[in-house]
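The values are calculated or read from the model by the stated rules, or taken from the named source; none is laboratory data. Please read these numbers as outputs of a predicted model, since none were measured by experiment. In this analysis, Cβ positions are derived from the backbone assuming ideal geometry, glycine residues included, and neighbour counts consider all displayed protein chains. What goes into the accessible areas is simple: the full protein's heavy atoms, side chains included, and nothing from ligands, DNA or RNA. Shrake-Rupley method; radii C 1.70, N 1.55, O 1.52, S 1.80 Å.
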Amino acid sequence: MRQTWLPPAAPDRPRAPAGQVPVAHAPPEVEVEVPDVFDPRLYARAVPYDRYRVLRDHHPVAWQDEPAVLGWPAGPGFWAVTRHADVTAVLKDATVFSSHLGATQIRDPDPDDLPFIRRMMLNQDPPGHGGLRRLVSRAFTPRRVARFEALARRRARSLVAGAVAAARAGDGGCDVVAAVTDDYAVLNLADLLGVPASDRGLLLDWTRRVIGYQDPDEAGEQVVGADGRPVNPRSPALLRDMFAYATELAAHKRRHPGDDVLTTLATTPEVSAPELEMCFFLLTVAGNDTVRGAAPGGLLALAGHPAEQRRLRTGEAPMAGAVEELLRWHPPVLSFRRTAACDTELAGRRIRRGDKVVVLHAAANRDERAFADPDRLDLTRAPNPHVSFGDGPHVCLGAHFARLQLTVLYEEFLAAAPVITRAAPPARLVSHFINGLKSLRLNLVG
């Protein structure tokens, strides 16, 4: 049944003076302040794990104000969900917590843009979402996976060798984001999609524009509409060039088919032209930035934990488990939004139909209720039910490819660099959505 947009109702949210709410399990007179985890500028310093812990312990479903910041207008506020069990419950229940109603970003899209944004698979609910997902999944054939791994291996070896050589020629430090991980992610994606070598820079430019829109270094000059408000980078107005390119490339693939994902999508009759455009957008942005965010984060974790790095080098910590722990430690995505499709209750809080409900992946990954000693990096951690790739019907479609790329990259770094240590503090992305590093200078020469 087709769903329609439900305007947010005034939430039955707890309120107390100075932004405080009563603690559910404490005596009535005890109050613990609800920390802000919305401001994207917080994340330029560090992921606010201390604030997440306060929320998990005292306000597992907490109301967050949504003030104007960085030129973007204020919003109505949202519920922040921080405990692992509650996060997975929200992600698994698309009937109550919809991706379709208000899309999946914290900020509300322009109402005129919402029908367009809902065409993306990420912003659909079952059963329609499942049908499109199955069509896209057909593009990932076993033969294509095998070919992709070989290409990724050669690329990783070449890029890492160049970074080590640059480090040796200089003072021992190298920015691995600029020298390795940005190129590694985007070139792998281009191979998978079938984007010509001459056009591959476009993929990174589009990703930065869409993902890094809160960060002046990434977004470039802010586009302002006739009403004086910033234009959402996911709006049709700012995606015309990407969609025009996707249409042109799809037509080329029909004339000159290749062994790539876009050829499969372009030659599958069930995939409409609008669906192909949106699939190209999703694969370009999500497919690129998942690895682009996770890869340097995993290297930073290894550089900061020499004992764990040694366990990985000696084989005491198998690579497959290490990749999962590095993903738990540095999830590429910090948050995703759902919208309540009906009145409900979560962790004792009454949620009204139309309320925004935002799951915080990084908070869930450090929940003591799901992980023993969660603030310790343990490359042999098992079980490891992290939610870095989500859960439920929207679990990351490209998770297998992301794990493959990360495995290959870490193996090549360990083979080429005698030891990996941090040469300077990383520069972090201004974003409450993507856990990104804009630069990461590492020592790679021992």
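Just a few scattered comments:
- Cα coordinate range in region 91-181, projected on the principal axes (Å, largest first): 55, 36, 25
- Mean projected area in nm² (Cα convex hull; one quarter of hull surface) for region 45-86: 3.6
- Solvent-accessible heavy-atom area per residue, rounded to whole Å², over region 93-179 at 1.4 Å: 44
- Each residue of region 364-378 was assigned a 3J(HN,Hα) from its phi angle through the Karplus curve 6.51 cos²θ - 1.76 cosθ + 1.60 (θ = phi - 60°); the sequence is 4, 6, 10, 7, 4, 6, 10, 10, 6, 6, x, 8, 10, 6, 9 Hz, with glycine and proline shown as x.
- Assigned charges on the beta-carbon of Lys, Arg, Asp, Glu; the chain dipole about Cα centre (debye): 980
- Cα gyration tensor shape of region 34-175, rounded if a/c is under 1.5, else prolate or oblate by comparing a/b with b/c: oblate
- Farthest toward the positive end of the dipole of the chain, out of GLY130, SER235, VAL359, is the Cα of GLY130, where the dipole comes from beta carbon charges about the Cα centre.
- ASP217 paired with ARG240, simple spin-label distance in nm, labels 7 Å along Cα-to-beta-carbon: 3.2
- Exposure check, 1.4 Å probe, all protein chains in place: ILE434 carries approximately 10 Å² of accessible surface.
- Residues with amide H under 5 Å from that of ILE351, placed H, sequence gap 5 or more: THR344, GLU345, LEU346
- Cross-link partners of LYS92 among aspartates and glutamates, defined as those whose alpha carbon lies under 20 angstrom from its own and excluding same-chain residues fewer than eight positions apart: ASP125, ASP343, GLU345, ASP355, ASP367, ASP391.
- A full extension of the chain between MET319 and LEU202 corresponds to an added length of 38.9 nm, given 0.36 nm per residue minus the alpha carbon distance.
- These residues, VAL387, VAL54, go from largest to smallest accessible area, 1.4 Å probe, as VAL54, VAL387.
- Hz values of 3J(HN,Hα) by residue in region 320-333 - Karplus curve (6.51, -1.76, 1.60), Gly and Pro given as x: 4, x, 5, 4, 5, 5, 5, 5, 4, 5, 10, x, x, 10
- Relative compactness, the chain, computed as alpha-carbon Rg over 2.2 N^0.38 Å: 0.98
- Taken along the Cα-to-beta-carbon direction at a fixed 7 Å, the label points for VAL69 and ALA169 span 4.1 nm.
- Karplus-derived 3J(HN,Hα) values for region 151-160, using 6.51 cos²θ - 1.76 cosθ + 1.60 with θ = phi - 60°, are 5, 4, 5, 4, 5, 4, 4, 5, 5, 5 Hz; glycine and proline are entered as x.
- Summarising the amide proton neighbourhood of ARG422: residues at separation of 5 or more, or on other chains, whose placed amide H is nearer than 5 Å comprise ASN443.
- Once C-alpha pairs closer than 8 Å and six or more residues apart are averaged by separation and normalised to the residue number of the chain, the relative contact order reads 26 percent.
- Distant-in-sequence amide H partners of SER388 (H built 1.01 Å from N, under 5 Å): none
- Spin-label pair ARG310-ASP36: with each label point 7 Å from Cα along the Cα-Cβ axis, the two points sit 4.3 nm from one another.
- When you restrict to C-alpha pairs under 8 Å that are six or more residues apart and normalise by the size of region 85-185, the relative contact order lands at 17 percent.
- Listed residues THR181, VAL333, THR263: farthest to the positive end of the dipole of the chain (Cβ charges): THR263
- For region 299-425: Kirkwood Rh in Å [reciprocal of mean 1/r, alpha carbons]: 16.4
- 222 nm mean residue ellipticity, helices alone, for the chain (DSSP H n ≥ 4; -39,500 (n - 2.57); rounded to 500): -13500 deg cm²/dmol
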